[in-house]
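J.: Below is the structure I would like to discuss, written out as structure tokens.
The values are calculated or read from the model by the stated rules, or taken from the named source; none is laboratory data. A quick note: this is a predicted structure, and the numbers were derived from the prediction, not measured. With ideal geometry, Cβ positions are generated from the backbone for all residues, glycine too; neighbour counts draw on all protein chains shown. The accessibility values were calculated without ligands, DNA or RNA, using every heavy atom of the protein model including side chains. Shrake-Rupley method; radii C 1.70, N 1.55, O 1.52, S 1.80 Å.
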Amino acid sequence: MVAALLPRERLLMGPGPSTVPNRILRALAAPTLGHLDPQYIGYMDETCELMRQVFQTTNQLTFPVSGTGMAGMETILVNLIEPGDEVIVMINGVFGGRMKDNMERCGATVHAVEIPWGQSFTLDQIRQAVADHPQAVMLGIVHAETSTGAFQDLSGIGELLHQQGMLFAVDAVTSMGGHDLQVDAWGIDAIYSGTQKCLSCPPGLSPVSFSPLALEKIESRTTKSRSWYLDVSMLKNYYTGGGGRAYHHTAPINMVYALREALAIVVEEGLQPRFERHREMHQLLRSGLEELGLEYIPDHSLHTLNCVAVPDGVDEAAIRKRLLNEFDIEIGGGLGVFAGKAWRIGLMGESASEKNVLTMLAALKKCLGD
Ligand SMILES: *Cc1c(COP(=O)(O)O)cnc(C)c1O
């Protein structure tokens, strides 16, 4: 006999996953339908329409990739890059670095612009990168760099790139559903996110969206995408109905139910009130952390991910272990150059509530005091 599955009820306040509301867990447990069943196709179409609302886009090609956020990143890059293309990537943390790695795997010549971790790019730095590499076909940037907590302003970039005929690719894994994200107004051509951050859904899908300009680039490829599984020229038949819902791979049916429920919750709350809630909870957490003497690392902090320096003489991992074992609270440690030097406290979706922030602050105070 295998022992009963009894995961503890943790308060998830790390870099993801975030706490999943029961309403979404119940959706996950609904009866599994066939992936070509008209009832399921109806739910899937509604899910894509809800994704458009949350992405603030009218892009037809908007769908959930079967895989986590990294699969979304690969989907964007493997479809938009042909071997030999020049591309630009802006790196200020782990995920910009992963974009570079993936771009190289797609056969691109990659021009990476790096600034110290924790900083955000200015529009002038981006203008300079575009001027330095006018042959590039695309620029990739991270909206919410979860490894450092740095927020990246995206306004103005799209126009700049389109003047040069470049596509604008964005990682919005830790911003979708927590920070304002205007895909159409900001001229974003390709974007991916994840379910387990500010949408408070279990991990497993990656919402993506492609602009008509990006679709043109995909349709004018002279080589096949290097990934069969993530090839949008085939996937789009199933997700957008062109070609009659042709079978490509079996959609993760129950995960789509869960994502539909998660997006419904976002739309019911309203985008602006939801962004405002994340801003207020960030302010509440921030003032509490500063009272405890903790300092933020990035100049422009995300609301959804709070990265603070571990005080000298404090054992970073030991505090996290106590929070987990004594208080059932999960927070994250530092990544890369911040390993052992930072805590990353997530305020994503369901986790961003006053009750959670105050509980977290009280527990952290106790651990630091001992
Ligand atoms: C979490 C995250 C990813 C990767 O998502 P997975 O779901 O772990 O594959 C990519 N980019 C950013 C900014 C993230 O925070």
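J.: For region 60-99, enumerate the residues that are more than 13 Å from the ligand (Cβ to nearest atom) and without any contact (Cβ under 8 Å) to a residue 40 or more places away in the chain.
T.: Once the filter is applied, which keeps residues that are more than 13 Å from the ligand (Cβ to nearest atom) and without any contact (Cβ under 8 Å) to a residue 40 or more places away in the chain, region 60-99 yields only Gly84.
J.: Answer yes or no as to whether Val2 is of a type outside the set (Gly, Ala, Ser), surrounded by 14 or more Cβ atoms within 10 Å (Cβ to Cβ) and either in the same structural domain as Gly194 (by TED's automatic domain parsing) or over 18 Å from Thr195 (Cα atoms) (or both).
T.: For Val2, the condition - of a type outside the set (Gly, Ala, Ser), surrounded by 14 or more Cβ atoms within 10 Å (Cβ to Cβ) and either in the same structural domain as Gly194 (by TED's automatic domain parsing) or over 18 Å from Thr195 (Cα atoms) (or both) - is not met.
J.: For region 197-212, how many residues meet the condition of being crowded, with 24+ Cβ neighbours inside 10 Å, within 13 Å of the ligand (Cβ to nearest atom) and not in a strand (DSSP E or B)?
T.: 4
J.: It is to be established whether one or more residues within region 339-347 are part of a helix (DSSP H, G or I) and of a type outside the set (D, E, K, R).
T.: no
J.: How do the pairs read when you match residues in region 167-181 that are within 10 Å of the ligand (Cβ to nearest atom) with residues anywhere that are of a type in the set (A, V, I, L, M, F, W, C) and open to solvent by 10 Å² or more (accessible area, probe 1.4 Å), using Cβ under 7 Å and keeping only pairs 6 or more apart or on different chains?
T.: Asp171/Phe95
J.: Another one. Please state which of the following conditions Asn237 fails to meet, knowing it meets all the rest: (1) in contact with a strand residue (DSSP E or B) (Cβ under 7 Å, 6 or more places away or on another chain); (2) in a helix (DSSP H, G or I).
T.: (1)
J.: Would you please name the residue that is farthest from the ligand (Cβ to nearest atom), looking only at residues in region 100-119 that are polar (S, T, N, Q) and more than 13 Å from Ala150 (Cβ to Cβ)? If you could, list the steps in order and put the result at the bottom.
T.: Our first condition is that a residue be polar (S, T, N, Q); within region 100-119, this holds for 102, 109, 119.
Now restrict to residues that are more than 13 Å from Ala150 (Cβ to Cβ): 102, 109.
Working: Asn102: 11, Thr109: 23 Å.
Only one residue fits best here, namely Thr109.
J.: A further question on this structure: List pairs: first in region 235-255 and at positive phi, second assigned to a loop (DSSP other than H, G, I, E, B) and open to solvent by 40 Å² or more (accessible area, probe 1.4 Å), Cβ under 7 Å, 6+ apart or cross-chain?
T.: Taking only residues 6 or more apart or on different chains, the pairs are Arg245/Leu36.
J.: Cβ-Cβ below 7 Å, separation at least six or inter-chain, first residue in region 358-370 and assigned by TED's automatic domain parsing to the domain that holds Leu284 and of a type in the set (Gly, Ala, Ser), second open to solvent by 60 Å² or more (accessible area, probe 1.4 Å) and assigned to a helix (DSSP H, G or I): which pairs?
T.: Partner pairs satisfying both residue conditions: Ala363/Phe327.
J.: Filter region 137-166 for residues that are of a type outside the set (Gly, Ala, Ser) and assigned to a loop (DSSP other than H, G, I, E, B) and give the result.
T.: Of everything in region 137-166, those that are of a type outside the set (Gly, Ala, Ser) and assigned to a loop (DSSP other than H, G, I, E, B) turn out to be Val137, His143, Thr146, Thr148, Gln152, Asp153, Leu154, Gln164, Met166.
J.: Somewhere in region 51-65, is a residue modelled with pLDDT of 95 or more and farther than 20 Å from Ile188 by Cα?
T.: Among the residues of region 51-65, not one is modelled with pLDDT of 95 or more and farther than 20 Å from Ile188 by Cα, which makes the answer no.
J.: Could you look through region 56-77, keep only residues that are buried (at least 23 other Cβ atoms within 10 Å of the Cβ) and hydrophobic (A, V, I, L, M, F, W, C), and pick out the one that is farthest from Val232 (Cα to Cα)?
T.: Met73
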